[in-house]
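Everything below concerns the one structure shown next.
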Amino acid sequence: MSDVYVVGIDMIKFGRYPDRTVPGLAAEAALLALDDAGLTIDQMQALYCGNLGQANNMVGQRMLAEIGQTGIPVVNVANACATGATAFRDAWMSIKAGVFDMVLAVGVEQMGKGLLGGGGGGVSTEGVLGSGTMPTMFAQIGVEHSREYGTTFEQFAKVSVKNHHHSTMNAKSMYRIETPLEEVMNAEMISYPNTKLMCSVNVDGSAAAVLASEATARKLGLMDRAVKVRASEMSSNPFAERQLAMPDFSAATRLAAKSAYESAGVGPDDIDLVELHDCFATAEIVHYENLGLCADGEAGSFIDAGETALGGKVPVNVSGGLLSKGHPLGATGIANIYEVSTHLRGEAGERQVKGARMGLTHVVGGGPGMGTACAIHILEKA
């Protein structure tokens, strides 16, 4: 089976584009990725398109109507917050299996303001009061971590301070503002311990990647800036009694992480940077441990020591993360891959992680009564 490489990748600046269409946003990212590779749509053998909001409206085909209808097969993907990463993984698998030599993966979303899933929030059959909302679900995760390990409100808040600082160096981030610790802690409380500045931003956005087999990448002279997909793994939540009331995002992440490290033949200490799913500040803290970046119970001291800041042991969410860059559901997975690829290419400018050779991306989505989808990719400088 051929090794698979990212030979072109890009994303639009995340923001709010009420006057744009979903296919139009997708088309812009697709053309950017094609331009990055120096290729055209007629060289692509298939398209994998991730989108949630218009999942039944054949977004991939409508995107091609804007940039070139070449008759290639199109697969439209919807998989909660892992939608974009799932489209990327499907594209990767098609080359790995030898079906295609070069394909395009796109993730796109157009979102409104306000609470995601705000119409819910009741009690499921065997649920916890309010657990139908994402803020409450991730607040519970944080409270559980505090109960077990003594993690403090201030430590959770430091995640937001870090990620907002990182975003000031990313021209494609929705927000590019510093948020001092006191400002984060004194912001409107959404669901303790997450204040408003500790919640991800609902935005519009798109990202795209061109993937190719090693033979094709070499034939076209694209290896100089190519990024190798060292591992691509997915998981769903294994059964647990608590799952009846509230999803266990930790279990799915740990399962996918274990498989990814084994598939890549590496361990957490080999990873130079991480883009993980910081939908809330509490989630980032918990995922330090789920991904093996530190031992269980050490995440609070890990953030205190600055180990996940730019210049630290393993910088996390140097893009600004979902907390500041934004979280357009269908695009996030590929946007994370764009960020890591940019560092591996040495093209991240002032936020560059020095000497980066291997990075990890992580997304996990789902909700009460929905189950969980987690995708992890390990990428390596070619």
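Across the alpha-carbon set of the chain, the Rg to Rh ratio works out to 0.95, Rh being the Kirkwood radius. When you restrict to C-alpha pairs under 8 Å that are six or more residues apart and normalise by the size of the chain, the relative contact order lands at 26 percent. Against the chain, whose longest principal axis is taken from its Cα atoms, helix 134-149 shows a tilt of about 60°.
At 0.36 nm per residue, minus the direct Cα-Cα distance, what do Thr40 and Lys313 gain on full extension? Give it in nm, one decimal, please. Separation in residues times 0.36 nm, less the Cα-Cα distance, equals 94.4 nm.
Please report, in debye to the nearest 20, how large the charge dipole of the chain is about its Cα centre when each Lys and Arg carries +1 at its beta carbon and each Asp and Glu carries -1 there.
On the way: 28 positive and 41 negative charges, 118 e Å.
Computed about the Cα centre, the dipole is about 560 debye.
Per-residue Cβ neighbour counts within 10 Å put Met358, Met11, Met102 in the sequence Met358, Met102, Met11, beginning with the fewest. Between Met223 and Arg20, the modelled labels are 3.6 nm apart [label points 7 Å from Cα along Cα→Cβ]. Under the rule a/c < 1.5 gives rounded, and otherwise a/b versus b/c splits prolate from oblate, where does the range 140-271 land using the Cα gyration tensor? Note, shape of the range 140-271 comes out oblate. In terms of surrounding Cβ atoms within a 10 Å radius of their Cβ, Val103, Val108, Val184 rank from fewest to most as Val184, Val103, Val108. Within the shell defined by Cβ-Cβ distances under 15 Å, the residues around Lys219 carry a net charge of -3, with Lys and Arg each +1 and Asp and Glu each -1. Between helix 281-290 and the chain there is an angle of about 70 degrees, using the helix long axis and the longest principal axis of the Cα atoms.
When only the Cβ of Lys, Arg, Asp and Glu is charged (+1, +1, -1, -1), the dipole of the range 330-382 relative to its Cα centre reaches about 140 debye. With the simple spin-label model, which puts each label point 7 Å out from Cα in the Cβ direction, the Ile177 to Glu241 separation comes to 4.6 nm.
In the chain, helices alone account for a calculated mean residue ellipticity at 222 nm of -10500 deg cm²/dmol, with every DSSP H run of four or more residues adding -39,500 (n - 2.57). The label-point distance for Glu262 and Ala97, in a model that sets each label 7 Å from Cα toward Cβ, rounds to 2.2 nm. Highest mobility in the GNM of the chain, judged by mean-square fluctuation with C-alpha springs under 10 Å and restricted to Arg345, Arg218, Arg357, is found for Arg218.
Just so you know, all these numbers are worked out from the coordinates, no wet-lab data involved. Bear in mind that the values here come from a model prediction, so they are computed numbers and not experimental data. As a convention, Cβ positions derive from the backbone with ideal geometry for all residues, glycine included, and neighbour counts pool all protein chains shown.
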